[in-house]
Amino acid sequence: MTTDYTSMWQELGLDLAGHDALLNVLGTAYTDIYLSQKNRPEGMGYFDFVMSEVHGLRIKELMDEKAAGRKIIGSYCVFVPEEIVLAANATLVGLCSGADFAMEKVEQLLPRNTCALIKSSFGFKIGRVCPYLESADMIVGENTCDGKKKAYETLGALVDNLYVMDLPQTKTDQTRDLLKAEYMKFKTAVEELTGVTITAESLKAAIDVVNAKRAAIHRLSALRKADPAPISGLDALLANQVFFYDNPARFTESVNKICDELETRIQEKTGAFPAGAPRILVSGCPQAVPNWKLHMIVETAGAVIVGEESCVGERGTRNLTADTGTTVDEMMDAIVDRYFEVDCAIFTPNPQRLDHIQEMVTAYNAQGVIHYGLQFCQPYLMESIPVEKALEEKNIPCLRVETDYGMEDAGQLKTRVEAFIEQLR
Amino acid sequence: MSSDTTAVRYAGIDIGSRTIKLVVVDGTGAVLETFQADTGFDPMTTATALIAKVSFDKIMATGYGRNLFELSFDAPTVTEIKAHARGAWTEFPDARTVLDIGGQDSKAIALFDTGKVKKFEMNDRCAAGTGKFLEIMAATLGFDLEDFGAQALAAEKDLLISSMCTVFAESEVTSLIARGEDRKEIARGLHTSVIRRAAGMINRVSSDGPIVFTGGVAKNPCMVQLLAGKLDREIRIPSDPQLAGAYGAALLAAEAGA
């Protein structure tokens, strides 16, 4: 890193020693996993830069926004509508939850058998190493799985700005009304925080910004259908992860630029992997930065990941928000309709997810599916069994993986993944 | 490939957590030589010493040490899943199910008619239900590993062992010993607990037909008998079950070299 951000981190109240250690690990992992890849698109240089400055320049930008009176809102879930945040002239950022940190302290507050993602979010808070969380004016929790909703009760004592949003768990007219009521409440809370009243103009503009960001990711996803795959799964995953952190307009522009390059690569038949490399769809739990474990194991074994059926991936970015509304209420309805389609495993029943997995297998020409489950994530681990069954009925091989952020199972995971790839060849 | 298929020699080396196995076959797949050694703490030195004993034209590595071997000898690798499947299927071409219990892994594999892997289950993370588990339990009970199965078979009944975790099972066993229970019966209970887990894995990949049982644990007569009883399916044991992975790797080396 070229600029010294120490004083900024100090002002944010970060634990500098712990934070340095974290950045060191992150930097080494990024070099080993990302920079060692061959045949990367040049446009990935943008993401290399973003990652090298993920706790630096990006935080500086947020601090500058704050100095100019803009509010920062942090979230842990794709159900928090960015449209509402942007329309109130605030910025939405995803909060750190992709690495183990301060685990001994976390396990004083949460049971050991809590999923890695929840434990991680606590570790970053207790260890004071997430500058996004420390710079946030409001932290939004959401009642998704049991683990998260109970954990927010505990998190509430660790921060003074937690806002918890309720979410339905079934999909009916009544529960849609519930989601609408929650989004209206959230809108009011954001307006109170920012002092900005959301208008039809500001909401329309916000919908356009977020839709453009999603459309860019859709374009990137569609290009992954090509064989040879023009971009690695690791790089595409990174773009999906940075979706949650970056300035939306700049992100959109950068992803579109990469897509232009990928189109040329496809024409020239240049791939990140050779033509005919086994193609795998990953489906299941979200993989937050810097959780690159499964993608790394799969792609160093010679297969290419062509899609993520995940919140950090297509489940999170599927569908645009309809931009046909003219009043705030019409647009809020469009927002509710868009998010109500998200097929998270907290919903019961959740048949759309099964349909989407099969659609994605066909669309991306995947030969097999790896179901990625975080240990102790009951909703996705439960769904993994019917998912495997449905895929096998269609003769689509499926490997169910259950893991966490630690590396002690990397050897066995590698053997299982390699055997699965042998199955596909 | 040479027109005289017997002239070319293909080796398979299976670098497991406990032992390293080496099998050499000719172009028809007939076994020419086999070797075995304890892995020890320095698998590459052991492997190097083993391969110095034989001549071969091509070699393929499998087992947990395969990647280390690949780096040292620039040899192709195959997972132990595919290697055991190939070794077992070649000896028993009508088999569609393989159970391999090795030193630190156990896996159940379903095969297509062609011998290709259709589906597999593998233990993750811990030594539960593996050779290592039996080894530690044999030591706890004061049995030789080679004699452990025979002693367990001699028991009149099973004692229920509920824990599959090596650490917890060891304390469970200690408390059973302290209660004055017969150590043969404890041994049998431990075998039963491993079989319960193995049967669960098999049932997740296949429901009928004979099962080829490979890996070092297939040499244990109590395991074989309990497995047959539990699943009511025919159990087939290769001539040397511990060599199935190395044999499969040698066959795959021959296939790749052809």
Practice prompt. On a 0 to 90° scale, report how tilted helix B:166-178 is relative to the longest principal axis of chain B, with both axes built from alpha carbons and the result rounded to the nearest 10.
Written response: 40
Discussion item. To check my understanding: the extent here is largest minus smallest coordinate of the Cα atoms along each principal axis. What are those three numbers for the stretch B:94-237, in Å, largest first?
Written reply: 51, 30, 22
Worksheet item: Taking Cα centroids, how far is the stretch B:131-149 from the stretch A:16-43 in Å?
Response: 45
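Mind ranking A:208-218, A:276-286, B:126-136 by how tightly packed they are, going by the mean number of other C-beta atoms within 10 angstrom, highest first? Could the numbers behind the result be given before it?
Values: A:208-218: 19.3, A:276-286: 24.7, B:126-136: 22.4.
In descending order of packing, they fall as A:276-286, B:126-136, A:208-218.
May I ask which of A:K293/B:K21; A:K394/B:K119; A:K225/B:K82 have a Cα-Cα span longer than 21 Å here? Numbers along the way, then the final one.
Details: A:K293/B:K21 31 Å; A:K394/B:K119 14 Å; A:K225/B:K82 29 Å.
From A:K293/B:K21; A:K394/B:K119; A:K225/B:K82, over 21 Å: A:K293/B:K21; A:K225/B:K82.
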Fill in: Shielding by other protein chains, A:391-398, mean Cβ within 10 Å
1
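Answer rounded, prolate or oblate for the stretch A:55-180, using the Cα gyration tensor with square roots of eigenvalues a ≥ b ≥ c: rounded when a/c is under 1.5, else prolate when a/b is larger than b/c, else oblate.
On the way: a/c = 2.24, a/b = 1.02, b/c = 2.19.
Judged from the Cα gyration tensor, the stretch A:55-180 comes out oblate (a/c at least 1.5, b/c at or above a/b).
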Worksheet item: By its C-alpha gyration tensor, with a ≥ b ≥ c as the square roots of the eigenvalues, how is chain A shaped: rounded for a/c under 1.5, else prolate for a/b larger than b/c, else oblate?
Response: rounded
Discussion item. Can you list residues from other chains, or at least 5 along the same chain, whose modelled amide H is less than 5 Å from the amide H of A:R400?
Written reply: A:H371
Worksheet item: In terms of the Cα gyration tensor, with a ≥ b ≥ c the square roots of its eigenvalues, is the stretch A:334-425 rounded because a/c is under 1.5, prolate because a/b exceeds b/c, or oblate?
Response: oblate
Worksheet item: By how many degrees, between 0 and 90 and to the nearest 10, does the Cα long axis of helix B:244-257 differ from the longest principal axis of chain B?
Response: 20
Worksheet, complete the sentence: Counting only DSSP beta bridges with both partners in the protein assembly as shown, the antiparallel fraction in percent, to the nearest 5, comes to 40
Discussion item. Between the stretch A:361-425 and the stretch A:295-310, what is the separation of their alpha carbon centroids in Å?
Written reply: 11
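What does the structure give for B:76-86 when I average, per residue, the other chain Cβ atoms found within 10 Å of the residue Cβ? Walk me through the numbers on the way to the answer.
Working: counts 0, 1, 3, 11, 3, 7, 5, 2, 0, 3, 0.
Counting other chains' Cβ atoms within 10 Å and averaging over B:76-86 gives 3.
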Worksheet entry | Cβ neighbours within 10 Å from other chains - mean over A:408-417 | 4
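Can you tell me which of B:10-17, B:230-237, A:143-150, A:299-306 comes out highest on packing, and rank the rest after it, using the mean Cβ neighbours within 10 Å? Walk me through the numbers on the way to the answer.
Details: B:10-17: 27.4, B:230-237: 15.8, A:143-150: 18.2, A:299-306: 21.8.
The most tightly packed comes first, giving B:10-17, A:299-306, A:143-150, B:230-237.
Rule-based calculations on the coordinates, nothing more; no lab input. All figures in this text were calculated on a predicted structure; none of them were measured in a lab. Counting neighbours? That spans all protein chains shown, and the Cβs are built from the backbone with ideal geometry, glycine included.
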